[in-house]
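Heads up: the structure comes next, in structure tokens.
All of the numbers you see were taken from the coordinates with simple rules; none came from a lab. From a predicted model like this one, the values you see are computed outputs, not experimental measurements. Cβ atoms come from the backbone with ideal geometry, glycine included; neighbour counts cover every protein chain shown.
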Amino acid sequence: DLPYKYNALEPYIDSTTMHIHHDLHHAAYVSNLNKALEKYPELYKKGVLELIQNLNELPADIQTAVRNNGGGVYNHSFFWKIMAAPGTAKMSPHMEKVLIENFGSVDAFKTEFEKAAVGRFGSGWAWLIKDSAGKLRIISTPNQDNSLMPNAEVKGKPVLTLDVWEHAYYLKYQNKRAAYAKAFWNVVNWTEVEKLIGE
Ligand code: MN
């Protein structure tokens, strides 16, 4: 379930998009992941995080299905969690300081993140991740990949993400992905992001 109402992110992310995105797209990843595991019922015991972190150890015939659908399950659950109703989870002075330390300024951080979102060719995600040295980095991944997968170009712990698949924004923003990325700042759950960075 979403951690808020379908219309909670209005007007920046509309209720209809949230219904379609959560009830149809996200649900399809869940159902297709379950289908992929049918041949290997012992894998149902593992959580989705454990499955995607150990993709290369899974039976070869389901690796792609688990990468795409397990990634889809993990990424969407994470995405819902790092958003909140406008104005309800603002950036704290400490969070601001962390972004300044890592990116020079909050504006520089936002510009770089938006660039990653807009620059991702085709479908994928923009991310803020914390690498093994504790440094924050902005990356993007294709399809349903993320920085926890063993094949990731850049590895690290996700702390913020933006879904840039067209299904995430097309109804409201059509081809204007940049406008969607800018509007996203109004619904970021900075309390959650700060907590994830601190963990
Ligand atoms: Mn999506």
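Here are a few things to note about the model shown:
- Scope region 51-82; condition away from the ligand (no atom under 16 Å from the Cβ) and part of a loop (DSSP other than H, G, I, E, B); matching residues: ASN54, LEU58, PRO59
- Options ILE197, ILE139, ILE129; residue that is without any contact (Cβ under 8 Å) to a residue 24 or more places away in the chain and away from the ligand (no atom under 16 Å from the Cβ): ILE139
- Subset of region 153-190 (residues that are in contact with a strand residue (DSSP E or B) (Cβ under 6 Å, 6 or more places away or on another chain) and in a helix (DSSP H, G or I)): PHE184, VAL187
- Evaluating ALA85 against the criteria (1) part of a helix (DSSP H, G or I); (2) in contact (Cβ under 8 Å) with a residue 60 or more places away in the chain leaves one unmet condition, (1).
- Answer residue from region 88-102, given it is hydrophobic (A, V, I, L, M, F, W, C) and in contact (Cβ under 8 Å) with a residue 40 or more places away in the chain and is farthest from TYR12 (Cα to Cα) among those: VAL98
- Considering region 11-24, the residues that are more than 11 Å from the ligand (Cβ to nearest atom) and in contact (Cβ under 8 Å) with a residue 60 or more places away in the chain include one that is surrounded by the most Cβ atoms within 10 Å (Cβ to Cβ), namely ILE13.
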